[in-house]
Amino acid sequence: MVAAGERAQLRFLEFFTAQIRNPHTRRAYARAVGDFLSWCQAAGVPTLDTVQPLHVAAWVEQQTRTHAAPTVKLRLAAVRHLFDWLVTGQVIALNPAAAVRGPRHSARTGKTPVLEPAEARQLLASIETDTPIGLRDRALIGLMVFAFARVGAALAMRVEDVYTQNRRLWIRLREKGGKAHAMPCHHSLEEYLHAYLEGTGIEHDPRGPLFRTLQRGTGQLSARPLAQANAHAMVRRRAQAAGIRTPIGNHSFRATGITAYLKNGGTLENAAAMANHASTRTTQLYDRRRDEISLDEVERIRL
């Protein structure tokens, strides 16, 4: 980027600061662009304005050998969007990634591991409720299961995002793209949130983060929000302690809740609305009812 000139450097930085607002997207795009620029340097491509479609295509081909198709498509999108930004800023004349196609990928079912309803109940029941951290962990997992909440949206909640309306407890989530999403709580989630707020005393701090880190040596919650990596480690630790062998992550609870809802007569359209999906095609990726059908059919192979 130094060889591209001061104007290109400024436009490059603006792409990651002014154009991309989501921190997760920013990190993913930064990794992809950094990898592409390193490849260009190794390939002897001196500046951005000398990058050709052939260079981008060769890089994509290399990526397919080490990454899954969805990851390669995301990385290509990052490079394509960067060059679009440079073209509109009149740094370069044409986008060399515009004509490059990524690998084909079609998925009807997601790969995120899910829990059976009995396993989800086992996990929630195994969490102690006589400590602030236990109340926190049960409330967070319950929120992801019963409200289909993304972990990022859950961890961004404030205490005031849990509120009473029409004699029921409601939650307010801030989803991708800044979209606000509110829904009533399942009765179990209502119980978990009430116990958490009252048991930890954070209900008196409405502007503070809902899910917080633990203060070392005190056993009490701090005023700092819980990080996503820490939430992931907590989920793995809780699952292992509950004797669950499925390698679950934060996203597993979203798929677990959606599948349980659909198995009990819920509609795909309402599931999409509850999960705040723009399309039911996205919701279908979380529907794992076919897994049980496949298992039943496999067991018909009797020797």
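The values are calculated or read from the model by the stated rules, or taken from the named source; none is laboratory data. Everything quoted here is computed from the prediction, not taken from an experiment. Positions of Cβ are backbone-derived with ideal geometry, glycine not excepted, and every protein chain shown enters the neighbour counts. The protein model used for the area step is the full one, side chains on, heavy atoms only, and it has no ligands, DNA or RNA in it. Shrake-Rupley method; radii C 1.70, N 1.55, O 1.52, S 1.80 Å.
Of the residues in region 216-240, how many are more than 21 Å from the chain's Cα centre (by Cα) and within 18 Å of His204 (Cα to Cα)? Steps first, answer last, please.
Keep residues of region 216-240 that are more than 21 Å from the chain's Cα centre (by Cα), which gives 216-223, 240.
Those still in the list that are within 18 Å of His204 (Cα to Cα) too: 220-223.
Residues flagged as more than 21 Å from the chain's Cα centre (by Cα) and within 18 Å of His204 (Cα to Cα) within region 216-240 amount to 4.
Quick one: count up the residues across region 149-175 that are of a type in the set (A, V, I, L, M, F, W, C), touching a helix residue (DSSP H, G or I) at 6+ places or on another chain (Cβ under 9 Å) and closer than 19 Å to Met234 by Cβ.
So the count comes out to 6.
Quick check on region 279-290: of everything there that is free of Cβ contacts under 8 Å to residues at least 24 places away in the same chain and in contact with a helix residue (DSSP H, G or I) (Cβ under 8 Å, 6 or more places away or on another chain), which residue is nearest to Met144 (Cα to Cα)? Talk me through it step by step, then tell me what you get.
Here is the first cut: in region 279-290, the residues free of Cβ contacts under 8 Å to residues at least 24 places away in the same chain are 279-282.
Narrowing further to those that are in contact with a helix residue (DSSP H, G or I) (Cβ under 8 Å, 6 or more places away or on another chain): 279-280, 282.
Details: Ser279: 20, Thr280: 19, Thr282: 17 Å.
Ranking the qualifying residues of region 279-290, first place goes to Thr282.
Being touching a residue at least 12 places away in the same chain (Cβ under 8 Å), touching a Pro at 6+ places or on another chain (Cβ under 7 Å) and polar (S, T, N, Q) narrows it down to one residue among Thr213, Thr200; which is it? So that I can check it myself, show each step before the final result.
On the way: Thr213 fails: touching a Pro at 6+ places or on another chain (Cβ under 7 Å).
Being touching a residue at least 12 places away in the same chain (Cβ under 8 Å), touching a Pro at 6+ places or on another chain (Cβ under 7 Å) and polar (S, T, N, Q) holds for just one of Thr213, Thr200, which is Thr200.
Restricting the search to region 92-134, which residues are surrounded by 17 or more Cβ atoms within 10 Å (Cβ to Cβ), modelled with pLDDT of 90 or more and among the β-branched types (Val, Ile, Thr)?
Ile92, Val100, Ile127, Ile133
Taking the stated definitions as given, is Arg158 farther than 16 Å from Thr213 by Cβ and either of a type in the set (Ser, Thr, Tyr) or surrounded by fewer than 18 Cβ atoms within 10 Å (Cβ to Cβ) (or both)?
Details: farther than 16 Å from Thr213 by Cβ: no; either of a type in the set (Ser, Thr, Tyr) or surrounded by fewer than 18 Cβ atoms within 10 Å (Cβ to Cβ) (or both): yes.
Criteria not met by Arg158.
Would you check which residues across region 15-30 are in a helix (DSSP H, G or I) and surrounded by 13 or more Cβ atoms within 10 Å (Cβ to Cβ) and list them? Let's see the steps before the verdict.
Just the residues of region 15-30 that are in a helix (DSSP H, G or I), to begin with: 15-19, 23-30.
Once the filter is applied, which keeps residues that are in a helix (DSSP H, G or I) and surrounded by 13 or more Cβ atoms within 10 Å (Cβ to Cβ), region 15-30 yields Phe15, Phe16, Gln19, Thr25, Arg26, Ala28, Tyr29, Ala30.
Condition first: modelled with pLDDT under 90 and acidic (Asp, Glu). Now tell me which residues in region 30-50 satisfy that. Even if it seems obvious, please write down each step before you answer.
First pass over region 30-50, keeping only residues modelled with pLDDT under 90: 46-49.
Answer for region 30-50, where residues must be modelled with pLDDT under 90 and acidic (Asp, Glu): just Asp49.
Looking for whichever is in a helix (DSSP H, G or I) and touching a residue at least 40 places away in the same chain (Cβ under 8 Å) here; the options are Gly134, Gly152. Which one fits? If you could, list the steps in order and put the result at the bottom.
On the way: Gly134 fails: touching a residue at least 40 places away in the same chain (Cβ under 8 Å).
Among Gly134, Gly152, only Gly152 is in a helix (DSSP H, G or I) and touching a residue at least 40 places away in the same chain (Cβ under 8 Å).
I'd like the full set of residues that are open to solvent by 30 Å² or more (accessible area, probe 1.4 Å), modelled with pLDDT under 90 and not in a helix (DSSP H, G or I), limited to region 265-285.
Asn276, Ala278, Ser279, Leu285
When you check Met144 against the structure, is it in contact (Cβ under 8 Å) with a residue 60 or more places away in the chain, part of a strand (DSSP E or B), touching a helix residue (DSSP H, G or I) at 6+ places or on another chain (Cβ under 8 Å) and hydrophobic (A, V, I, L, M, F, W, C), yes or no?
It is false that Met144 is in contact (Cβ under 8 Å) with a residue 60 or more places away in the chain, part of a strand (DSSP E or B), touching a helix residue (DSSP H, G or I) at 6+ places or on another chain (Cβ under 8 Å) and hydrophobic (A, V, I, L, M, F, W, C).
Tell me which residues, restricted to region 288-303, are of a type in the set (Asp, Glu) and either over 28 Å from the mean Cα position of the chain (by Cα) or at pLDDT 80 or above (or both). Can you show your working first?
Initial filter on region 288-303 (of a type in the set (Asp, Glu)): 291-292, 296-297, 299.
The answer is Asp296, Glu297, Glu299.
Against the definition (modelled with pLDDT of 85 or more, open to solvent by 40 Å² or more (accessible area, probe 1.4 Å) and either under 30 Å from Asp130 (Cα atoms) or in contact with a Leu (Cβ under 9 Å, 6 or more places away or on another chain) (or both)), how does Gly249 come out, yes or no? Talk me through it step by step, then tell me what you get.
Values: modelled with pLDDT of 85 or more: yes; open to solvent by 40 Å² or more (accessible area, probe 1.4 Å): no; either under 30 Å from Asp130 (Cα atoms) or in contact with a Leu (Cβ under 9 Å, 6 or more places away or on another chain) (or both): yes.
Taking the combined requirement at face value, the residue does not satisfy it.
Given Gln52, Gln41, Gln63, which one is of a type in the set (S, T, N, Q), open to solvent by less than 40 Å² (accessible area, probe 1.4 Å) and farther than 20 Å from Phe16 by Cα? If you could, list the steps in order and put the result at the bottom.
Numbers: Gln52 fails: open to solvent by less than 40 Å² (accessible area, probe 1.4 Å); Gln41 fails: open to solvent by less than 40 Å² (accessible area, probe 1.4 Å).
From the options Gln52, Gln41, Gln63, the qualifying one is Gln63.
Hand me the list of strands (runs of 3 or more DSSP E) wholly inside region 168-232 holding 1 or more residues that are of a type in the set (A, V, I, L, M) and open to solvent by 60 Å² or more (accessible area, probe 1.4 Å).
Working: elements: 168-174, 180-184, 212-214, 221-225.
The qualifying strands (runs of 3 or more DSSP E) are 180-184, 212-214, 221-225.
Which one is most open to solvent (accessible area, probe 1.4 Å), of the residues in region 233-246 that are touching a Pro at 6+ places or on another chain (Cβ under 9 Å) and not in a loop (DSSP other than H, G, I, E, B)?
Filtering region 233-246 down to residues touching a Pro at 6+ places or on another chain (Cβ under 9 Å) leaves 236, 239, 246.
Narrowing further to those that are not in a loop (DSSP other than H, G, I, E, B): 236, 239.
Values: Arg236: 109, Ala239: 4 Å².
Looking at residues that are touching a Pro at 6+ places or on another chain (Cβ under 9 Å) and not in a loop (DSSP other than H, G, I, E, B), I get Arg236.
Under the condition of being closer than 11 Å to Phe253 by Cα, among the aliphatic types (A, V, I, L, M) and not in a helix (DSSP H, G or I), which residue from region 114-131 is farthest from the chain's Cα centre (by Cα)?
Ranking the candidates gives Leu115 first.
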